[in-house]
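Some notes on the structure that comes next.
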Amino acid sequence: MWFRNLRIYTLAPDFSVPEQLDQALEPMRFKPCGRSEMASFGWASPFGRDSEVLFHKIGPCYLVSARKEEKVLPSSVVNAQLDELVAQREAELARKLPSKEKQAMKEDLIHRLLPQAFSKFKQVAAMIDTQLGIVVVDASSASAAEDVLGLLRSSFGSLPVKPWFAEHPSELYFTQFLRQQQLADGFEFGDEVELRDANDSGAVVRCRQHDLSGTEIETHLAHNKQVTKLGLIWQQRVQFVLEQDLAIKRFKATDVLVDEQDKLVDATPEQRIDADFALLSGEIGQLFPQLVSLFQTELSVN
């Protein structure tokens, strides 16, 4: 269990996790879709389908996991059958059907097809760190993260959060970091960057496995491009790409961290998840304050 994406939200100072967290989560426990339901969303055990436990706690950190089921009905299949039904109905009535009637027929058709549809499942994990006052969601998109926050809000009654953000636009910081080839202690440049033309011309340059200190990057910066994504390495332990909205993508452990974790042998799946979460929460707990300080440096980009 390792988060691949970090969408970080800051909590209000007076937030607290319910004392009976299991009871707060239970009403929103995941239930499979009924015969006529398109989707279902709720809490599932972070330890897998064989466990009833809905959260895991280590120190000030809580791990929860949301499960989503969506029925898959290809639009091509629905539309093909709908066209046949509409053609038959129009032939019977000797007139064209209005849009409202076609829509009603489509909804009825979907209702009849749902019991035969395949299901697609997705699990999204989240971490609440009450010491740092943050919620971290392992979601690649903001909408998926908002779904999990909405589920937390339903379970807790309220959830006063806002996305973590810097005082100034992040691209100004990213660009300054590369121009000056300087980062705060503990950070170093990775091998990935995205640059966009500051004049809204639409020009985009994306580099992977690239030396970010080379003359090619300098040339792009000299031609008024701004850095909108930046690869970073922290303490030689984790590497990631920081995006323009400060979402963290491709969050990966380096070989240094993997070697430390590989010392755990003959562990059960539950023990492995516990160890992974201890490691993950510990790394995020140390990384996040330093990330915040990274964006408190004085800007001098022209």
For the chain, return all DSSP H helices satisfying: extent of Cα atoms along own axis at least 27 Å; mean Kyte-Doolittle hydropathy at least -1.0. 269-294
Could you work out how far apart the two model spin labels at Asp200 and Glu26 are, taking each label as a point 7 Å from the Cα in the direction of the beta carbon, and quote it in nm? 5.5
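Expressed in nm², what is the orientationally averaged projection area of the convex hull enclosing the Cα positions of the chain? Present the calculation step by step, with values, prior to reporting the outcome.
Working: hull surface 86.4 nm².
Mean projected area of the Cα convex hull: 21.6 nm².
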If I model a spin label as a point 7 Å beyond the Cα along the Cα-Cβ vector, how far apart are those points for Ser119 and Glu107 in nm? 2.5
Name the long-range amide H neighbours of Leu11: under 5 Å, sequence gap of 5 or more, or other chain; modelled H, no Pro or chain starts. Ile134, Val135
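Let me have the relative contact order for the chain, percent, based on Cα pairs under 8 Å that are six or more residues apart.
Values: 465 pairs, mean separation 64.8, N = 302.
It comes to 21 percent, rounded to a whole number.
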Within the chain, what is the longest stretch that has no GluC sites (Glu not before Pro) placed in a DSSP loop and near at most 16 other beta-carbon atoms within 10 Å? 168-297
Quick calc, the chain, dipole around Cα centre from Cβ unit charges on Lys, Arg (+) and Asp, Glu (-), nearest 20 debye, gives 1200
Compare the Cα positions of Ser158, Phe118, Phe189 along the charge dipole of the chain (+1 at Cβ of Lys, Arg; -1 at Cβ of Asp, Glu; about the Cα centre) and return the one farthest towards the positive end. Phe118
What distance in nm separates the simple spin-label points at Lys96 and Phe165, each placed 7 Å from Cα in the Cβ direction? 4.7
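Lysine pairs in segment 72-171 with alpha-carbon atoms under 28 Å apart, 8 or more places apart or on different chains: how many are there?
On the way: Lys96/Lys106; Lys102/Lys120; Lys106/Lys120; Lys106/Lys122; Lys122/Lys162.
For segment 72-171, qualifying lysine pairs total 5.
Compute, for segment 1-94, the length of the dipole vector about the Cα centre, with Cβ point charges of +1 (Lys, Arg) and -1 (Asp, Glu) only. Units Debye, rounded to 20.
On the way: 11 positive and 13 negative charges, 80 e Å.
Charge dipole of segment 1-94: 380 debye, to the nearest 20.
Readers should treat all values here as calculations from the given coordinates under stated rules, not as data from a laboratory. Model, not experiment: these values are computed from the prediction. FYI the Cβ positions are ideal-geometry reconstructions off the backbone, even for glycines, and counts take in every protein chain you see.
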